[in-house]
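Below: one structure, written as structure tokens.
The values are calculated or read from the model by the stated rules, or taken from the named source; none is laboratory data. Treat the numbers as computed from the prediction; the structure is a model and nothing was measured. Please note: Cβ atoms are built from the backbone with ideal geometry, for glycine as well, and neighbour counts cover all protein chains shown. Areas reflect the complete protein model, heavy atoms only, side chains present, ligands, DNA and RNA absent. Shrake-Rupley method; radii C 1.70, N 1.55, O 1.52, S 1.80 Å.
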Amino acid sequence: MGVLAVFVWTVCCITCSVHAEIFTSIGQMTDLLFTERELVQSLKEYIQAEESKLAAVKRWADKLEVLTRASTSDPEGFLAHPVNAYKLVKRLNTEWSELESLVLHDPSDGFISNISVHRQVFPDQEDENGAAKALMRLQDTYNLDSESFSKGKLPGVRYNAFLTVDDCFDMGKTAYNENDYYHAVLWMQQALRQKDAGEEAKVPKAEILDYLSYSVYQMGDLPRAIELTRRLVSIDPSHQRAGGNLRYFERLLSKELREMDQNRPEPTEEKPIQLGTYERPRDYLPEREAYEALCRGEGIRMTPQRSSRLFCRYQDRNRNPRLLLKPMKEEDEWDSPHIVRYLEALSDEEMNRIKELAKPKLARATVRDPKTGVLTTAQYRVSKSAWLEDEDDLVIRRVNQRIEDVTGLTVDTAELLQVANYGVGGQYEPHFDFSRRPFDSNLKVDGNRLATYLNYKDEPDAFKSLGTGNRVATYLNYMSDVDAGGATVFPDFGAAIWPRKGTAVFWYNLFRSGEGDYRTRHAACPVLIGSKWVSNKWIHERGQEFRRPCGLTEVD
């Protein structure tokens, strides 16, 4: 088996056996940069070895060319000299064998061996597709057009980056293959725009037009589909689909015009396809527009009267001994439901240690399937997480104790500290932290909120195996600043909490009655620029009976 065949077989075996999902964590993706740097060095060493080999072969060729030119001008006279006859026999018996060995020597062996080892941590096709869809998610959430992405014009960027024609085409093809014609149009149009501007590319213009015209047709724009298909036919008259598509599109348009009793309109100059040219299809998330508006910072602004009720204070939690000398700085973020932020909740040393402990354990974050109860991955939660316990390190014990001190709630029945790192377009769409019990018809809520409550499925047994009751509260540490995006938002009432390194936010998920507070449905907005690290502590009901006594009504 040749070297190339061995390499291909090795790569195929590794690729088939590894499910990387690398794109879901910036923390792990940073390792790839150093891997790539090492491979570049290995590649340069291979090139140097090939150049040395070719230089040696060239010296052989130059020497032999001079010799054969002289010997073949008078073969008999040349061989009449016994030394020349001897040297001819020697060359053909020995020296040409040495030359053959030199030519057959493959300097690529070391490079192929190196890349085969590193290939185990390379992204796979799922990673590439996931990263492409992440860019489209950012495009939707933050109202960014394809040209902005292509030219790298993003808020908060520190490095130049751009997308080529081939990059844009691959983005569009990813969307097309998933029947996402809305994004296929946006990215194929950008590829065509850059191609028309004269940018060199591997993909031919006809292929871009083929995908773009059909995607436009799927978006219901027959006149533009016809114009694009005519352009395709003019470029490639022998295209096997273009002629048939053009006739089909023209028949459809004629039928539509007849049904509307209209004459065929005079062709007009088509405006460029941009964000807003076509309506983005609706999906499964009922509060999509409100959620994305909050992510962009377009949330509800509190009235001055409400803002006046927000305070900052030093929190010692009823003179807790550990908080007496250094009380926690506490700020009100929202009045109802009450959300607070703690400043200087973690030191730089603690955050670095938590990341160090978590990084080797990071795995794709999961959600519980409401039908089966089984933990599974989902497109609406894109991140990697790890779980850390007291026994892992003194820092984890200290952080857990601090959470108990400042909240006044026991963490003995809480879940382990979950550390999460968000990758390219990392997000967690609107969700509840608590498990939903069957809706109580006696609960006093207005009609709009009742409809909202009934829209979400119950999952009363989500935490049954823990035996610690429901998640009564959420404590969230921000362990990095984020250059753009990445807010924690609450679509029900319009709050947006922005990451600030070293701070933490805290809220109750349940009323004192044990009923879920449906207003706390929240989301982690996609990270536009940066790497977002957080650690969560979900505090459960058991053990809080005397720390947070029951209320007298359902919504106390």
* Calculate how steeply helix 348-358 sits against the longest principal axis of the alpha-carbon atoms of the chain, using the helix alpha-carbon long axis, and give the answer as 0 to 90 degrees to the nearest 10. => 70
* Return the subset of LYS153/LYS195; LYS359/LYS532; LYS173/LYS384; LYS44/LYS205; LYS326/LYS361 for which the Cα-Cα distance in this structure is over 25 Å, preserving the input order. => LYS173/LYS384; LYS44/LYS205; LYS326/LYS361
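For region 303-368, rounded, prolate or oblate, judged on the Cα gyration tensor with a ≥ b ≥ c (square roots of eigenvalues), a/c < 1.5 rounded, else prolate if a/b > b/c?
On the way: a/c = 2.82, a/b = 1.45, b/c = 1.94.
Verdict is oblate for region 303-368.
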* Asked: Dividing the convex hull volume of the alpha carbon atoms of region 21-66 by its residue count, what do you get in Å³ per residue?
  -> 57
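Just to verify a number: FRET efficiency for GLU36 and SER71, C-beta to C-beta distance, R0 = 51 Å, to 0.05?
Details: r = 52 Å, r/R0 = 1.01.
With a Förster radius of 51 Å, E is 0.50.
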* Structure fact -> Expressed in square angstrom to the nearest 10, the accessible area of ASP517 with a 1.4 Å probe stands at 10
* Structure fact -> Per-residue accessible area, 1.4 Å probe, largest first, puts LEU163, LEU228 in the order LEU163, LEU228
* To do: Sort out for me the Cα centre separation of region 195-213 from region 82-152, rounded to whole Å.
  => 27
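Taking 1 over the mean of 1/r across every pair of different Cα atoms in region 264-352, what Kirkwood radius in Å do you get? Could you put the intermediate results ahead of the total?
Values: mean 1/r = 0.0539 Å⁻¹.
It works out to 18.6 Å.
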* **Proximal lysines to LYS90, defined as alpha-carbon separation beneath 24 angstrom and excluding residues fewer than eight positions away on the same chain** => LYS53, LYS58, LYS63
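Show MET260, MET302, MET188, MET29 ordered by accessible area, largest first, where the area counts protein heavy atoms only and the probe is 1.4 Å.
Numbers: MET260 105, MET302 35, MET188 0, MET29 60 Å².
Largest accessible area first, the list is MET260, MET29, MET302, MET188.
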* Structure fact -> A correct Karplus calculation of ³J(HN,Hα) over region 539-544, with 6.51 cos²θ - 1.76 cosθ + 1.60, θ = phi - 60°, whole Hz and x for Gly and Pro, returns 9, 9, 5, 4, x, 9
* Structure fact -> Sorted largest first, the Cα spans of the chain on the principal axes come out in Å as 120, 77, 43
* To do: Find the percent of Cα-Cα distances in region 157-247 that exceed 15 Å, and round it to a whole number.
  => 57
* To do: Show which aspartates and glutamates lie in cross-link reach of LYS255 when reach means a straight Cα distance below 18 angstrom and same-chain residues fewer than eight apart are skipped.
  => ASP221, GLU227, GLU266
* What are the chymotrypsin sites (Phe, Trp or Tyr not before Pro) within region 142-172 that DSSP puts in a loop, where the Cβ has at most 15 other Cβ atoms within 10 Å? -> TYR159, PHE162
* To do: Counting only C-alpha contacts under 8 Å and six or more residues apart, can you give the relative contact order of the chain as a whole percent?
  => 14
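Would region 136-189 count as rounded, prolate or oblate if I go by the C-alpha gyration tensor, calling it rounded below 1.5 in a/c and otherwise prolate when a/b exceeds b/c, oblate otherwise? All intermediate terms of the calculation are to be shown ahead of the outcome.
Numbers: a/c = 2.62, a/b = 1.56, b/c = 1.68.
Oblate is the answer for region 136-189, as a/c is 1.5 or above yet b/c matches or exceeds a/b.
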* Could you tell me how many degrees, from 0 to 90 and to the nearest 10, lie between the Cα long axis of helix 242-259 and the main elongation axis, the longest principal axis, of the Cα atoms of the chain? => 40
* Asked: Tell me, what is the 1.4 Å probe accessible area of ASP316, in Å² to the nearest 10?
  -> 50
* To do: Describe numerically, in nm with one decimal, the distance between label points set 7 Å from Cα along Cα→Cβ at LYS464 and at GLN120.
  => 4.1
* To do: Provide the solvent-accessible area of GLU391, counting protein heavy atoms only and rolling a 1.4 Å probe, rounded to the nearest 10 Å².
  => 140
* Asked: Which angle between 0 and 90 degrees, to the nearest 10, do you get for helix 125-141 versus the longest principal axis of the chain when only C-alpha atoms count?
  -> 50
